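**Q** Right, I'll just put the structure down here and ask away after.
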Amino acid sequence: MAIAAVLVHSLPVFSQSAPKVWKDASGKFEVTGRLVESDNSKVTLNVEGKGEIKVPINKLCENDRKYVLGLKIVEQDEAQFQLVMAHLERFRESPAAVMEILEGIHENYSDAPYAAAMLGIAYAVDRADYREAGKYLRLALRSIDSRQKILGGGYHKLTELAVNNNLAVVSLKLGKADAAVKLFESNVELTKKKINFCTYHNATLLLEAVNRKALNISFTSSSRKKLVQVLASLPPANPEYHVPTALLYMLEWSQPLSESLLERMLLDSELTNMPNQKSTNVSGAVFQTENQLVKRGYRPHVQGTGFLVTPELVVTNRNVVQSAENNLSYTITQFQEDGKPTLVGGSVEKWSPVQEEDLAIIRLDRDVDGEPLRIIDDDGDAVVGTEITVLGFPEVFSTGEHLLASGGEIEMFDRSKSWFSLTAELLRGNSGGPCIDMYGNVCGVAFEKDRYDIATFADRAGRQYEKRGTAVSATPLVQFIKSVEPDYEQLPPKNEEVLSRQRLTEQVRPSVFLIKSWKPPLNRVNVDINQADRFGEELRASELRTLEAATMKENRLFPDLWCYNCRGAGALKCKNCTRGTIETRKPTYTGRDAQGNPNYRIERHSQRCKTCSGSGSLKCPFCVNGKLKVN
C-alpha cells in the first residue's frame, strides 16, 4: 500500500493537536505551531502571532513528515479500534449481525487492521469458512506492514503476533501445516525473550497431533524439523490459566498511539521506547482501562502495590494477582513526580510456588520512566531496629489513589520463613509494597498485617505494638527475581545520604505502581451449583459446561470449536469403501482360445461396507457433530 493511500480518507481536522516545533528539510528553519489539517501535498499550521500558514509536506524534515503521516494513521486506527471494540460484546449472541457491522467498519476504514483481524476470526469461529477468514487476516497483515513502513516495526507488534497466530490456525484448518510453521516461526522472531503462549500452544498441539496421527495434513519433514528448532530456541510464556485441548485464536491488539507518544517515538527514533500496550490480563484479554472493565461487568477483586526492580519487571504479592480460577484482569498504574497517573501494559510473568514467599513478578510491555529500586545485599544488612518506610496505595477503592508512606522499624526476624515483622501499620492495598530503609534501599516486600501475636514482642524493652506488619525479606526476593531474570544484576545498595520520608517518597514515586485485579462478570465464569439460587434458576452440570465454554470465548481466547479433521462435517470419509460399497473382482476360467491360451472372465461383486454400514462415512472420533470436544 502506498504512503499516499493512507491520506486519502477524510479524517477529523487536528484541532486538538498539541503545539510542536516544526523543522524544514534543511534543518535551518523552525517554527512552533499547532497542526490544523493536512492533505497529500501540504499541512496547515496555526502559528501564534502569525495565524494559519500552509507548508508543503516535502519541505518538512523527515521526522515531521512521518509525524503527519503517523498522526493520520493513528487517527484511523483509533477510530476503527473504538468502533470494533464497541461491538465485540455482542458477537456471541449475534454473530451474523456483528460480522456484517465489522464488514461495514472495514469498508469505512479499510487501511486499519482491527476490523479485518476480527473478521478473520469471526469467519473461522462462527462459519468455519477458513478461506474467507484467511483473506481478511492477510488484509490485516497488509495493513500492519504498510503502517510499519512508516512508523517502524514496533508499531502494531502485538497485532502482528495475533494475526500471524490466527492465520496459522486457519492454515492448519485448511490442511496447510507448512504455511502454519512459517507463521509460527515469524512470531518467534518477533518475540525477544519468550514465545507467545498461544503460538507455543498451537505449535505443540500440531506436533502432538501429527505424532499421534490425529491429523491428515501435509507436513514435510523439513518443516517439522524447523518447527522443533524454533520452539527450542526460547522458553514459552506461562499462561497461568486453564487451556483447552483445542487450537487457540489470539485476541491481543496493540492500541493506537497517543499524539504525544507518537512525537516522542519519532524524536527518539527508538521504537523500543514505544509501549505496545499489551493486555494487562493474563488470560489474553484486549487491553482495557478501568472504565472498560466496569462497563463489561468486571468487579474489583484485590488492590495492591508493586515496585520496579528492572526497567521492565515489577515485583508485587502473589495474593494481589492470583485467584483460584486464574481468570483475573489487571490494571497497572504508574504515577509520575507530578502525580499524573499513566496506565501501563503488562502481564504476570510468574508467581512464587513457595507458600511462604508471597511474591509475583509482572513484566511490563516496555521500559518505563522510573529508576529500578536497589535491594540490600542480604538479610544480614537489615538488623532489628532498622528504620523502615513502607510505600503503598492503601484502600484506594474507598479513599482514592494516593501513594502513602507508613513509618516503623524491623521488630523481629523469622529465619525459618525468611520473614520479618515491622511496626509500621499495613492496610489493604499495602500488599506488595517495598519496605525501604532511610537510604532508599529495599529491605523486603510487605504482604500481611498482624501475622504474629502481640505477646511475641512483649519482652523487648517492655514495648507492645497494636499495629504491625509482616514482610518477605531481601534474600528470597532476590532469588525469586533471578529465577525470572537470570541476568539480573543486583546493584550495590545506597549508603551515602539519609533521606526524610517525604523526600524518599517523592524520589521513588515513579518506581512504585498501583496494581488492581478484577474479577470477570458472574455469568461468564464457572458457577458453583450450590450458588444457583443467586441466579434464579437451577444450574445443572451440563449447563455449567456450557458456561465454561462461554467463559473461554469471553476471555478473548476464542478456541475454534470447528473440527479440523472433518472440517466441521462431523464425519470422515470411510477408507475401506467407495460410497458405502466394497467392490471385488474375481476372474473365472472360461476355456482356451484357438492358440491354446486360457481365457478368463472378470466377475464383479459388490457388497455393503460393514465398517461404515453402507453410509460411506464414519463418525469423526475427534469431535461431536463437527465441533471439537472441549475439556
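The values are calculated or read from the model by the stated rules, or taken from the named source; none is laboratory data. What you are looking at is a predicted structure, and each value in this text was computed from that prediction instead of being measured. A quick note on method: Cβ atoms are made from the backbone with ideal geometry, for glycine too, and the neighbour counts reach across all protein chains shown.
**Q** Can you work out which of the residues in segment 340-372 that are within 20 Å of Asn317 (Cα to Cα) and polar (S, T, N, Q) is nearest to the chain's Cα centre (by Cα)?
**A** Ranking the qualifying residues of segment 340-372, first place goes to Ser347.
**Q** Return a yes/no flag: does segment 479-488 have any residue that is within 14 Å of Asn441 (Cβ to Cβ) and surrounded by fewer than 14 Cβ atoms within 10 Å (Cβ to Cβ). Let's see the steps before the verdict.
**A** Step one: filter segment 479-488 for residues within 14 Å of Asn441 (Cβ to Cβ), giving none.
No, segment 479-488 contains no residue that is within 14 Å of Asn441 (Cβ to Cβ) and surrounded by fewer than 14 Cβ atoms within 10 Å (Cβ to Cβ).
**Q** Continuing with this model, one more query. Can you confirm whether segment 190-202 contains a residue that is under 19 Å from the mean Cα position of the chain (by Cα), buried (at least 24 other Cβ atoms within 10 Å of the Cβ) and aliphatic (A, V, I, L, M)?
**A** The answer is no; no qualifying residue exists.
**Q** Okay, moving on. Any idea how many residues of segment 168-200 are of a type in the set (Phe, Trp, Tyr) and either within 20 Å of Phe219 (Cβ to Cβ) or touching a His at 6+ places or on another chain (Cβ under 9 Å) (or both)? If you could, list the steps in order and put the result at the bottom.
**A** Filtering segment 168-200 down to residues of a type in the set (Phe, Trp, Tyr) leaves 184, 197, 200.
When the remaining residues are screened for being either within 20 Å of Phe219 (Cβ to Cβ) or touching a His at 6+ places or on another chain (Cβ under 9 Å) (or both), the result is 184, 200.
Qualifying residue count, segment 168-200: 2.
**Q** Output the number of residues of segment 113-143 satisfying the condition of being within 19 Å of Ala79 (Cα to Cα) and surrounded by fewer than 18 Cβ atoms within 10 Å (Cβ to Cβ).
**A** Qualifying residue count for the region: 1.
**Q** Provide a single number: the residues in segment 144-157 that are at pLDDT below 85 and either closer than 24 Å to Tyr249 by Cα or surrounded by 23 or more Cβ atoms within 10 Å (Cβ to Cβ) (or both).
**A** Looking only at that region, the number is 3.
**Q** How about segment 389-425: which of its residues are in a strand (DSSP E or B), at pLDDT below 90 and either among the aliphatic types (A, V, I, L, M) or out of contact with any Ser or Thr (no Cβ under 9 Å at 6 or more places or on another chain) (or both)? Before you say what the answer is, go through the steps one by one.
**A** Taking segment 389-425 and keeping what is in a strand (DSSP E or B), we get 389-392, 404-414, 419-422.
When the remaining residues are screened for being at pLDDT below 90, the result is 404-414, 419-422.
Scanning segment 389-425 gives Leu404, Ala405, Ile410, Met412, Leu422.
**Q** With the checklist (1) more than 22 Å from the chain's Cα centre (by Cα); (2) surrounded by 24 or more Cβ atoms within 10 Å (Cβ to Cβ); (3) of a type in the set (S, T, N, Q) in hand, flag the one item Asn108 doesn't pass.
**A** Among (1) more than 22 Å from the chain's Cα centre (by Cα); (2) surrounded by 24 or more Cβ atoms within 10 Å (Cβ to Cβ); (3) of a type in the set (S, T, N, Q), the lone unmet condition for Asn108 is (2).
**Q** I'd like the residue in segment 581-631 that is under 30 Å from Val125 (Cα atoms) and part of a strand (DSSP E or B) and, out of all such residues, is farthest from the chain's Cα centre (by Cα).
**A** Residues of segment 581-631 under 30 Å from Val125 (Cα atoms): 612, 615-631.
The next check asks that each one be part of a strand (DSSP E or B); those that pass are 617-619, 623-624, 627-628.
Values: Ser617: 41, Leu618: 40, Lys619: 37, Cys623: 29, Val624: 31, Lys627: 26, Leu628: 25 Å.
Looking at the filtered set, the residue picked out is Ser617.
**Q** List every residue pair whose Cβ atoms lie under 7 Å apart, where the two residues are 6 or more positions apart in sequence or sit on different chains, the first residue falls within segment 302-318 and is over 13 Å from Leu391 (Cβ atoms), and the second residue, located anywhere, is of a type in the set (Phe, Trp, Tyr).
**A** Listed by first residue and then by second, the contacts come to Gln303/Phe393; Gln303/Phe397; Thr310/Tyr488; Val314/Phe307; Val314/Phe513; Asn317/Phe447; Arg318/Trp351.
**Q** Mind listing just one residue for me: the one in segment 426-459 that is part of a loop (DSSP other than H, G, I, E, B), of a type outside the set (Gly, Ala, Ser) and under 22 Å from Val321 (Cα atoms) and, of those, modelled with the lowest pLDDT?
**A** As a first pass, look at segment 426-459 and keep what is part of a loop (DSSP other than H, G, I, E, B): 426-433, 437-441, 450-453, 458-459.
Of the ones still in play, those that are also of a type outside the set (Gly, Ala, Ser) are 426-428, 430, 437-439, 441, 450-453, 459.
Subsequent filtering for residues that are under 22 Å from Val321 (Cα atoms) retains 426-428, 430, 450-451.
Details: Leu426: 83, Leu427: 83, Arg428: 83, Asn430: 89, Asp450: 61, Arg451: 54.
Top of the filtered list is Arg451.
**Q** For Gln229, state whether it is crowded, with 20+ Cβ neighbours inside 10 Å and at pLDDT 70 or above. Steps first, please.
**A** On the way: crowded, with 20+ Cβ neighbours inside 10 Å: no; at pLDDT 70 or above: yes.
So Gln229 fails the test.
**Q** Still on this model: Is it true that some residue in segment 208-218 is assigned to a helix (DSSP H, G or I) and either surrounded by 18 or more Cβ atoms within 10 Å (Cβ to Cβ) or touching a Lys or Arg at 6+ places or on another chain (Cβ under 6 Å) (or both)? First the steps, then the outcome.
**A** If we filter segment 208-218 for residues that are assigned to a helix (DSSP H, G or I), which is where we start, we get 208-211.
Adding the requirement that they be either surrounded by 18 or more Cβ atoms within 10 Å (Cβ to Cβ) or touching a Lys or Arg at 6+ places or on another chain (Cβ under 6 Å) (or both) leaves 209.
The answer is yes, given that some residue of segment 208-218 is assigned to a helix (DSSP H, G or I) and either surrounded by 18 or more Cβ atoms within 10 Å (Cβ to Cβ) or touching a Lys or Arg at 6+ places or on another chain (Cβ under 6 Å) (or both).
**Q** Would you say Ile53 is over 24 Å from Asn108 (Cβ atoms) and at pLDDT below 80? Steps first, please.
**A** Details: over 24 Å from Asn108 (Cβ atoms): yes; at pLDDT below 80: no.
Judged against the criteria, Ile53 is not a match.
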